[in-house]
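Participant: Encoded as structure tokens, here's the structure I'll be asking about.
Taken together, the values in this text are just the output of simple stated rules run on the coordinates, not laboratory data. The structure presented is a predicted model; accordingly, all values stated were derived computationally and were not measured. Note that we place each Cβ from the backbone using ideal geometry, even for glycine, and neighbour counts take in every protein chain shown.
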Amino acid sequence: MTATIEIRRFETPDDRLDMKERGGIDIIKTEQGSTGMRAVFEPGWTWEVDEKPLLGSPDTCPMHHTGYCLSGRLVVRMIESGEETPITRGDFFEIPPGHDAYVAGDERVELILFEASGAHT
């Protein structure tokens, strides 16, 4: 481990998944291998329309997400079971692969997503 503190900011991301007028995901990485993401999804955003094509059009989201909801209401649907779970402001969540999602309501969704070094997000 390093003996120095590293600080990164989402205003200067290492990468960005741009969803144009519907939002995007800013991605930052630390020297130790951790990744942080700030996702902003505007009202009307759906995984199917806005993110799926940017990921190569898989049947479902193949990623595992761990995060915290800052604002809005995101409904996540597990494809196999059809179960829908709302994620709202203040929720710390863990979502397995095999889902899709959409913004419910007219409020912007903001999420912080985490990936520790060696983990999958």
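Participant: Which of these, GLY33, GLY98, GLY23, has the largest mean-square fluctuation under a Gaussian network model of the chain (Cα springs below 10 Å)?
Facilitator: Checking each option, the largest mean-square fluctuation is seen for GLY33.
Participant: List the pair-distance distribution P(r) of region 64-115, using every Cα-Cα distance, as the percent of pairs falling in each 10 Å bin from 0 up to the bin containing the longest distance, rounded to whole percents.
Facilitator: P(r) over region 64-115, rounded to whole percents: 27, 57, 16.
Participant: Measuring from label point to label point, each 7 Å out along Cα→Cβ, what is the SER57 to ARG16 span in nm?
Facilitator: 2.6
Participant: Here is a follow-up. With Cβ to Cβ distances under 9 Å as the rule, what net charge do the other residues near THR66 carry (K, R +1; D, E -1)?
Facilitator: -2
Participant: Quick one: compute a quarter of the convex hull surface over the Cα atoms of the chain and quote it in nm².
Facilitator: 7.9
Participant: Shifting gears a bit: Let me have the relative contact order for the chain, percent, based on Cα pairs under 8 Å that are six or more residues apart.
Facilitator: Relative contact order comes out at 29 percent.
Participant: Additional query: Could you list GLU110, GLU84 so that the one with the fewest beta carbons within 10 Å of its beta carbon is first and the one with the most is last?
Facilitator: GLU84, GLU110
Participant: Also, quick follow-up: Write down the Kirkwood hydrodynamic radius of region 52-94, to one decimal in angstroms, obtained as one divided by the mean of 1/r over all alpha carbon pairs.
Facilitator: Hydrodynamic radius (Kirkwood, Cα only) of region 52-94 equals 11.7 Å.
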